[in-house]
């Protein structure tokens, strides 16, 4: 484990020239951690701040589907460590929920043939609800919700093999091999949600996720395929 880095994704790209296979990067502290849309990611000691760096050869749309691979692997790791399968759900496109609150987030970044899958997990502490925008899913911590104290190294010991298994299934069968399992654990499937893109806000029923990873939203006037958005419950 690295003592401190600006961000584990940034470190992944610094190590890219010498990358010969998938590499996990774990840091005790991030000084400039970030989430989607360049939002700051709180990175206190004891939480999990990690990145899986790997070389990829698929088209960008296929590479982006690894957010679903990572989400399923995260849920697998949580369930293996806690024995609480009913407590964890997957929020489109890239969060894991525990008892309805956000316990983990995923950030995919690519440069050339290098993909960095950044993962943050609130193992010990979570930001206050006031730190997220109104209507967003509130953050929660694994320790507070379950009473289980898991170290970052212990979490990686569960996550790394879980990701390897999900990646193998993805490599063999594509998203079609993972989509049914993702949908089986999807938060708010069949219920009303709000999807905010950079230019629009739509409300409707979360019908499904299609074969390319789009959120399918049934509104009062149409059924929409949404490739990217912030989802609010």
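Please treat every number below as a calculation from the coordinates, not as lab data. Quantities reported herein were computed from a predicted structural model and do not represent experimental measurements. Neighbour counts run over all protein chains shown; Cβ positions are idealised from the backbone, glycine included.
Structural remarks
- Proxy reagent accessibility, fewest Cβ within 10 Å first, across 52, 189: 189, 52
- In the chain, Cα pairs under 8 Å separated by at least six residues give a relative contact order of 16 percent.
- Helices in the chain, meaning DSSP H runs of at least 4 residues, each add -39500 (n - 2.57). Divided by all residues, the mean residue ellipticity at 222 nm is -8000 deg cm²/dmol.
- Förster radius 45 Å - calculated FRET efficiency between residue 56 and residue 223 (Cβ-Cβ, nearest 0.05): 0.90
- Contact order relative to length of region 176-233, as percent, for alpha carbon pairs under 8 angstrom and 6 or more apart: 30 percent
- Report note on the peptides 103-114, 79-90: ranked by the mean count of other C-beta atoms within 10 Å, highest first, their order is 103-114, 79-90.
- Label zone at residue 132, where the point sits 7 Å out along the Cα-to-Cβ direction: region 203-217 residues whose backbone N lies under 13 Å: none
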